[in-house]
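Novice: This is the structure I have questions about; it appears just below.
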Amino acid sequence: MALDLAALRAKLGELKGNTARTEVLWKPQEGENLIRIIPLAKNPDNPFTELYFHYLGNKTYLSPMSFNEPDPIAEFADELRAGGGLSKEDWKETKKFVPQRRTFVPVIDRKHPEQGVRFWAFGKTVYNDLLEVMADAEYGDITDPQGGRDVKVIFTPQEKSDTSFAKTAIRVSPSQK
């Protein structure tokens, strides 16, 4: 059996950090986007991966909670709160030490399928909306690459939103494609 030199070189480039984030992550553009959620190869029963992150200053840290391990930063926040006597402002400050969940799902951008499979990261609201659709028997398996359903992602950036944050809404196609 011969070595696959192209695969080895690709892995070497990946390990050296030559893979740009944009090659791995998908972000919706302003307005309407069309994607297809596809199953994970390692877990075809559930396309979602939940990870927890700390956003401290300009840095992002992956929390050990993502792997069911104790998180010393979150434990520190719990200790501060357990002692009591915190002012409302101090209590609010401890929220910075509580990891935030981000959910990732593999998608194919229907307008740019040549980019291949990428991962879309989103928060609680979009996750809840997708789970509600997927739990509805009338929709069936929306992740089927051939017979599933497309998802329209409507993205409004913070600057154009009527809130202090960007807004993302989803609409799942009523017809299978």
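The values are calculated or read from the model by the stated rules, or taken from the named source; none is laboratory data. Being a predicted model, the structure only gives us computed values, none of them experimental. Quick reminder, even Gly has a Cβ in these numbers, built from the backbone with ideal geometry, and neighbours come from all protein chains shown. SASA here: full protein model, heavy atoms, side chains in, ligands and nucleic acids out. Shrake-Rupley method; radii C 1.70, N 1.55, O 1.52, S 1.80 Å.
Novice: Which ones in segment 116-126 are open to solvent by 50 Å² or more (accessible area, probe 1.4 Å) and touching a residue at least 24 places away in the same chain (Cβ under 8 Å)?
Specialist: Initial filter on segment 116-126 (open to solvent by 50 Å² or more (accessible area, probe 1.4 Å)): 117, 119, 124-125.
Of everything in segment 116-126, those that are open to solvent by 50 Å² or more (accessible area, probe 1.4 Å) and touching a residue at least 24 places away in the same chain (Cβ under 8 Å) turn out to be Val117, Phe119, Thr125.
Novice: Being open to solvent by 70 Å² or more (accessible area, probe 1.4 Å) and at pLDDT below 90 is the filter here, so list the residues in segment 133-144 that pass it. Before you say what the answer is, go through the steps one by one.
Specialist: Step one: list which residues in segment 133-144 are open to solvent by 70 Å² or more (accessible area, probe 1.4 Å), which gives 135, 137-138, 141.
Ala137, Glu138, Asp141, listed by residue number.
Novice: Lys124 fails exactly one of the following numbered conditions: (1) more than 23 Å from the chain's Cα centre (by Cα); (2) closer than 22 Å to Glu50 by Cα. What is the number of that condition?
Specialist: (1)
Novice: Of the residues Thr103, Thr156, which is surrounded by 12 or more Cβ atoms within 10 Å (Cβ to Cβ) and free of Cβ contacts under 8 Å to residues at least 60 places away in the same chain? Lay out the reasoning, then the answer.
Specialist: Working: Thr156 fails: free of Cβ contacts under 8 Å to residues at least 60 places away in the same chain.
Matching residue, one of Thr103, Thr156: Thr103.
Novice: Also, I was wondering about something else. Would you mention how many residues in segment 52-98 are among the hydroxyl-bearing types (Ser, Thr, Tyr) and touching a residue at least 40 places away in the same chain (Cβ under 8 Å)?
Specialist: As a first pass, look at segment 52-98 and keep what is among the hydroxyl-bearing types (Ser, Thr, Tyr): 52, 55, 60-61, 63, 66, 87, 94.
Imposing the further condition that a residue be touching a residue at least 40 places away in the same chain (Cβ under 8 Å) reduces the set to 52, 55.
So the answer is 2.
Novice: Given the criteria modelled with pLDDT of 75 or more, over 18 Å from Val126 (Cβ atoms) and over 14 Å from the mean Cα position of the chain (by Cα), does Lys42 qualify?
Specialist: Working: modelled with pLDDT of 75 or more: yes; over 18 Å from Val126 (Cβ atoms): yes; over 14 Å from the mean Cα position of the chain (by Cα): yes.
Criteria met by Lys42.
Novice: When only residues in segment 159-177 that are in a strand (DSSP E or B) and open to solvent by 50 Å² or more (accessible area, probe 1.4 Å) count, which is nearest to Gln29 (Cα to Cα)? Steps first, please.
Specialist: Of the residues in segment 159-177, the ones in a strand (DSSP E or B) are 167-172.
Next, from what is left, pick out any that are open to solvent by 50 Å² or more (accessible area, probe 1.4 Å): 167, 171.
Working: Lys167: 12, Arg171: 15 Å.
Applying the filter and picking the extreme gives Lys167.
Novice: Which residue is nearest to Gly116 (Cα to Cα), if the candidates are limited to segment 55-85 and must be open to solvent by less than 50 Å² (accessible area, probe 1.4 Å) and modelled with pLDDT of 95 or more?
Specialist: Result: Ser66.
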